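Right, one structure below, let's go through it.
The values are calculated or read from the model by the stated rules, or taken from the named source; none is laboratory data. These figures come from a predicted structure and were not determined experimentally. Here the Cβ positions follow ideal geometry from the backbone for every residue, glycine too, while neighbour counts run over all protein chains shown. In case anyone asks, the SASA skips ligands and DNA or RNA and just uses the protein heavy atoms, side chains included. Shrake-Rupley method; radii C 1.70, N 1.55, O 1.52, S 1.80 Å.
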Amino acid sequence: MRAREFLLEYNRDITKKNYGDKIVRRWGDGAVNSLTIRKVRDKVVAGEPLDDNEQNVYDEAVNNIISKAELADPTPNKQYVQWLVRAWINGSLNLAEDILTTGSQFVKMWHELKTHRALPPKYSDINRIKARSDWNQAWVDIRAAYDKFAPSKPMAKGRAEELFNGPDVRIIRPHDEQAACYYGQGTQWCTAATQSHNMFNHYHSDGELSIFIPKKPNHEGEKYQLWVHNSDGQYQLMDEQDDPVDGGIETLNGMFRSVTDKLLLKIHPALVNHPQVNWQEYGSVKQQVIEKLLRDGYFKVAYNDLNNMLDDGDDNDEDHRENVRYMKEQFLEMESEVMRAAQHATYDELTHFNYDANMIHIPNAIFDFIDTYAEQNDWHGDWADDEVLLGFTQNIHDWFNRQMPWDKRNRERQGRLEPYYEIEKDENTGKWTVEYTGP
């Protein structure tokens, strides 16, 4: 088939029709932290129609990925667009930006090898590379075949600084793109891309990179890259395959005994804002949320709502007085259970293993945890043992859905609802304070 004939066959609308729903599901499953896209995802999964605003969100999300795949595809007939889209959907490419970096570099190498009939036999069809495990091995094999086919010239080291040289690891800080490529050789990092768009300057503008090179690697090519945002302490920790490291910084501490929290704070001072390094402040923030927002804030308002609801009854009715007493006991029991659950929840449980969640995210993380905890334990339904309690528990459940997780005042703020609170850091003392700002 000639290129002109193939070109006529590529059609963005067809790609959107084939992969649109899958793209939205991937976005909604955690590729981006947006309540709006998650709602659209839920409707797509349920097969429900979208309103005009939701359709715009859908179209923007889908076009974002397809456009990146079109830019990443080096061929005039865009023969790799759908493969790149699928690679992102199945998680072979972690981030949307990886389509333009690692994904683009891979298809360029693959296509050049194919053009010169130098592909390893097992990779004669790129569509056989489907799962994440297939992708990781294919990257290694295709990279090796390409280096053999077109040996690269010696790479310039660029400007870099050795931050630490310990018994088990070296830590290098690249100061320019050349250094990021040199010390990132053999990895799938977007900051080490040499044949596609390199993201070093993008990341470097907001934070510093550190590359961890083990003295005694557990496997060939083992490396880790840590990026920390300059102001808020959010971070990304990736292995050489550009996969997030499970456990984040805690795992890094465990792998290298010489990498202490003190050392990490020295090379990345902004980590003082991250709970995994500053446990003392994390404990303070968590306790303030539990006491100020839950006990003295939301639960106090809810208890007043309950009293107002019960005032409509006849105080001379013994059955009514008994029901009032029982309902208040049940409410206080619920309050104690929720606060106890939040008190004992680990950082992992609160953040759902989202290791870049910093101090600012802790209040929202606790609200999310409580909402999930309530559903999993069904502690609303446990009390519904008669008609009176059924009405009461439904009212409390409705109140939680309305007040606790999200404040409707801020529905339009960046597409995300926010609870009634303020959290800020005193720049002089470094201490965080949490205040309830609701009714």
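Which residues, taken from segment 345-363, are at pLDDT 85 or above and in a loop (DSSP other than H, G, I, E, B)?
Result: 345, 346, 358.
Could you give me the residue pairs with C-beta distances under 6 Å whose first residue belongs to segment 294-309 and is more than 13 Å from residue 334 (Cα to Cα) and in a helix (DSSP H, G or I), whose second residue is at pLDDT 75 or above and open to solvent by 30 Å² or more (accessible area, probe 1.4 Å) wherever it lies, and which are 6+ apart or on separate chains?
These pairs meet every condition: 297/436.
Quickly run through segment 184-229 and pick out the residues that are of a type in the set (Ser, Thr, Tyr) and open to solvent by 30 Å² or more (accessible area, probe 1.4 Å).
Correct list: 194, 205.
Of all residues in segment 244-260 being within 15 Å of the chain's Cα centre (by Cα) and farther than 24 Å from residue 205 by Cβ, which is least open to solvent (accessible area, probe 1.4 Å)?
So, considering only residues that are within 15 Å of the chain's Cα centre (by Cα) and farther than 24 Å from residue 205 by Cβ, the one least open to solvent (accessible area, probe 1.4 Å) is 247.
Working only within segment 246-271, note down all residues that are free of Cβ contacts under 8 Å to residues at least 40 places away in the same chain and part of a loop (DSSP other than H, G, I, E, B). It would help to see each step written out before you state the result.
The initial filter retains those residues of segment 246-271 that are free of Cβ contacts under 8 Å to residues at least 40 places away in the same chain, namely 250-251, 253-254, 260-262, 264-266, 269.
Selection gives 260 alone.
Going by the conditions given, is residue 160 of a type in the set (Gly, Ala, Ser), modelled with pLDDT of 90 or more and either open to solvent by 40 Å² or more (accessible area, probe 1.4 Å) or under 28 Å from the mean Cα position of the chain (by Cα) (or both)?
yes
Being open to solvent by less than 40 Å² (accessible area, probe 1.4 Å), in a helix (DSSP H, G or I) and either modelled with pLDDT of 80 or more or out of contact with any Leu (no Cβ under 9 Å at 6 or more places or on another chain) (or both) is the filter here; which residues of segment 1-40 pass it?
Matches in segment 1-40: 15, 19, 20, 23, 24, 27, 28, 37, 40.
Within segment 97-122, how many residues are in a helix (DSSP H, G or I), of a type outside the set (S, T, N, Q) and buried (at least 18 other Cβ atoms within 10 Å of the Cβ)?
Number satisfying all stated conditions: 9.
Inside segment 74-95, can you point out the residues that are within 21 Å of residue 200 (Cα to Cα) and either over 24 Å from the mean Cα position of the chain (by Cα) or buried (at least 20 other Cβ atoms within 10 Å of the Cβ) (or both)?
Hits for segment 74-95 are 88, 92, 93.
Could you pull out the residue among 413, 340 that is open to solvent by 80 Å² or more (accessible area, probe 1.4 Å), in a helix (DSSP H, G or I) and either among the basic types (Lys, Arg) or at pLDDT 80 or above (or both)?
So the residue among 413, 340 that is open to solvent by 80 Å² or more (accessible area, probe 1.4 Å), in a helix (DSSP H, G or I) and either among the basic types (Lys, Arg) or at pLDDT 80 or above (or both) is 340.
For residue 132, which of the numbered conditions (1) over 24 Å from residue 263 (Cβ atoms); (2) among the charged types (D, E, K, R); (3) open to solvent by 50 Å² or more (accessible area, probe 1.4 Å); (4) within 29 Å of the chain's Cα centre (by Cα) fails to hold?
(3)
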